[in-house]
Protein chains: 2
Amino acid sequence: MKTATAIANPNIAFIKYWGDKDPDLRIPANGSISMNLGDLHTVTEVIFDANLERDELILDGRVPGEMAIERVTRFLDHVRLLAGISDFARVTSENNFPIGSGIASSASAFAALSLASATAAGMKLDESSLSRLARRGSGSACRSVPGGFVEWQAGEEDANSFAYSIFPPDHWELIDCIAIVSQEHKETGSQDGHLLAETSLLQEVRVADASRRLDLCRQAILNRDFEAFAEVVELDSNLMHAVMMTSQPKLLYWQPTTLAVIQAVGEWRKNGTPVCFTIDAGPNVHVITPGENSPRVIGDLIQIPGVSKVLVSRPGAAVRLVGD
Amino acid sequence: MKTATAIANPNIAFIKYWGDKDPDLRIPANGSISMNLGDLHTVTEVIFDANLERDELILDGRVPGEMAIERVTRFLDHVRLLAGISDFARVTSENNFPIGSGIASSASAFAALSLASATAAGMKLDESSLSRLARRGSGSACRSVPGGFVEWQAGEEDANSFAYSIFPPDHWELIDCIAIVSQEHKETGSQDGHLLAETSLLQEVRVADASRRLDLCRQAILNRDFEAFAEVVELDSNLMHAVMMTSQPKLLYWQPTTLAVIQAVGEWRKNGTPVCFTIDAGPNVHVITPGENSPRVIGDLIQIPGVSKVLVSRPGAAVRLVGD
């Protein structure tokens, strides 16, 4: 039996990934920038075992549905191909945060699974190869492989579509205060949503303008210029949701409380607090603020009716093995 | 003293007007389609009086702010120029619905003012000339001049930018059930908003696609095809709000309750009720449904927390004189 355990953080995208050039290989329509969320994690143990007759998956203590298992098997088939092995695996994965509601659980899940399964299969992959591998499981998972502030270069094919760190976690103490609006599993998962992106007539111009926004965001992080950061991050989030709500069928991930948080954040910034929002494919609102403001922002967020709790995270590290 | 009184209905746009080719003349970036709202109205009396030293305005029983008076004076200056008169006017205007919160009060106001002031000034204008005149007061006012279902052809200059009826009021008994979310005066009036349209990178493609949406909407009304109507109306509304929320500065007119209504409407349609939403530059939601469904839709809307009341209207007639 060959085994390894890895831990990975989810990430929050400041410049969003939405839509693919190649859905099978998950080559994205545009590059993206994110920050790993160090206080949230997925821990995944992989055991390749010659006695198994199929892959097995335990997710947060339970056997998940067939679709989740098939997705993991499809991923592990690729790992087995790379490693030249044939054993099935027992995969046990635990999250310390709610899955399926706009916090990218698939990102940390496939980043951890990539490192754990590659290691258990006897491979030692460099960071970009590991990022490319994770991308096949879930696009945004490639960004959870490197540490800190990360850019995913879109690339044109498997070989050049991977993520790398642009700044280490301690470059800027940005805190992600995640206002949890709903823990219901969302109706349209982001994998299906990506396929709808090109049905919106707004997607083309969103993609065409992406390199400008990437430059603005990278520069704002480099300079720790919160004002510039907030402008481009909120614009980029609204552009993605504009595409979503004009695709066919329409995707509207926002809940009433989502909007209440957006508006509160707008008021706070107008009143001088450096704070901005960004929203993934779900109703929760990621409220970003430099460290010194986070206690007040968290306290104010939790008082908004409909916000059930606030998850808090500092910038996080790269995917790593546990228990070596 | 020369006097006349006119009554006009506001209108709800199914294909929206947002942004101008020429802001001074209010030549719109794209054509639009609307329905007059027969149960809501503005009644406006105009008296040209040689004894006045400036224009006077009484709006819903009160003297409004200087900006409103200046806007009316600028409009009346144009009427005086056309009519070859120089007297100032006393304008008294009454609405039977709340102004300034997403129900187009400026549309019915300037449609009524156009007919009343032109008549009081001794002019007899044909419908397209009256529509062009109303357009100078407020773009969407040109659509409140003709009756029923109305199309505003964008045109390129003053002479060819006006609205005309495409179907009479009794062509299709669509009911507009307006869920009133807030009666607060909005922060950014639509006149200022139009100027921001081109700061969104999404405006160009919204405008470029408009003739396709106009065709779909006109055809759906012609065929009384609610399914096709709902699709294009909601898409068009979302496209406008996508432009708004990605302009610089961003405009987000939606309130939490706005979203609760959008989602309820989506559920009802999924469950078989022919119903759709459209939202102007404000938080209220116009919920459109064929007549037979309106009692149930109204009853369901008023039960949504945050909806303070529901205004209801059938299709309305053209602007007309009162008390002839």
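Chain B contacts chain A over a buried accessible area of about 2400 Å², both sides summed; the probe is 1.4 Å and only protein chains count.
The charge dipole of region A:171-313, taken about the Cα centre with unit charges on the Cβ atoms of Lys, Arg (+1) and Asp, Glu (-1), comes to about 160 debye, rounded to the nearest 20. Restrict the search to region B:40-96; then list the GluC sites (Glu not before Pro) that DSSP places in a loop and that have at most 14 other Cβ atoms within 10 Å of their Cβ. In loop regions of region B:40-96 (DSSP not H, G, I, E or B), the sparsely surrounded GluC sites (Glu not before Pro) are B:E53. Remark: mean inter-chain Cβ contacts per residue of A:230-239 equal 3, using a 10 Å Cβ-Cβ cutoff to other protein chain atoms. The mean sequence separation of alpha-carbon pairs under 8 Å and at least six residues apart, normalised by the residue count of region A:2-170, gives a relative contact order of 29 percent. Extending 7 Å from Cα along the Cβ direction at B:R54 and again at B:M67 yields two label points whose distance is 1.7 nm. Placing a label point 7 Å from Cα along the Cα-to-Cβ direction at B:D126 gives distances to the equivalent points in the other copies of 7.7 nm, listed shortest first. A cut-off of 5 Å between modelled amide H atoms, ignoring neighbours fewer than 5 places along the same chain, links A:A317 with A:G148.
Size of region A:2-170 from its Cα atoms: along the principal axes, largest to smallest, the extents are 44, 32, 28 Å. Other protein chain C-beta atoms within 10 Å of residue C-beta, averaged over A:190-202: 2.
Along the charge dipole of region B:171-313, pointing to its positive end and built from +1/-1 on Cβ of Lys, Arg, Asp and Glu, which listed residue (B:S211, B:T257, B:I288) has its Cα farthest out? Farthest towards the positive end: B:T257. Dipole orientation for the protein assembly as shown: of the candidates A:P10, A:V181, A:A159, A:V181 has the Cα lying most toward the positive pole (charges on Cβ; Lys, Arg +1; Asp, Glu -1).
Each residue of region B:10-16 was assigned a 3J(HN,Hα) from its phi angle through the Karplus expression (A = 6.51, B = -1.76, C = 1.60, θ = phi - 60°), giving x, 9, 10, 7, 8, 10, 8 Hz with x at Gly and Pro. Heavy atoms of the protein chains alone define the surface here; on that basis region A:2-170 has 36 Å² accessible area per residue at 1.4 Å probe size.
Solvent-accessible area assigned to carbon and sulfur over the protein assembly as shown amounts to 50 percent, based on a 1.4 Å probe. Expressed in Å, the radius of gyration and Dmax of the Cα atoms of the protein assembly as shown are 28.5, 103.
Over the Cα atoms of chain B, the radius of gyration divided by the Kirkwood radius equals 0.96; this is the Rg/Rh ratio.
Modelled spin-label separation between A:H171 and B:T273, with each label point placed 7 Å from Cα along the Cα-to-Cβ direction: 5.1 nm.
Net charge near B:V287: determine it from the other residues with C-beta under 10 Å of the C-beta of B:V287, scoring Lys and Arg +1 and Asp and Glu -1. Cβ neighbours under 10 Å give a net charge of -2. Cross-link partners of B:K2 among lysines, defined as those whose alpha carbon lies under 18 angstrom from its own and excluding same-chain residues fewer than eight positions apart: B:K124.
At a 10 angstrom cut-off on C-beta neighbours, averaged per residue, how do the peptides B:248-261, A:258-271 rank from highest to lowest?
The peptides rank, most packed first, as B:248-261, A:258-271.
Based on Cα atoms of region B:171-313, Rg over Rh with Rh as the Kirkwood radius reads 0.97. May I ask which of A:K21/A:K270; B:K270/B:K309; A:K21/B:K21; B:K16/B:K250; A:K16/A:K309 have a Cα-Cα span longer than 29 Å here? Among A:K21/A:K270; B:K270/B:K309; A:K21/B:K21; B:K16/B:K250; A:K16/A:K309, the Cα-Cα distance tops 29 Å for A:K21/A:K270; A:K21/B:K21.
The values are calculated or read from the model by the stated rules, or taken from the named source; none is laboratory data. Quick caveat, the model's predicted, so the values are computed rather than measured. Glycine gets a Cβ as well: all are built from the backbone with ideal geometry, and neighbour counts include every protein chain shown. The accessibility values were calculated without ligands, DNA or RNA, using every heavy atom of the protein model including side chains. Shrake-Rupley method; radii C 1.70, N 1.55, O 1.52, S 1.80 Å.
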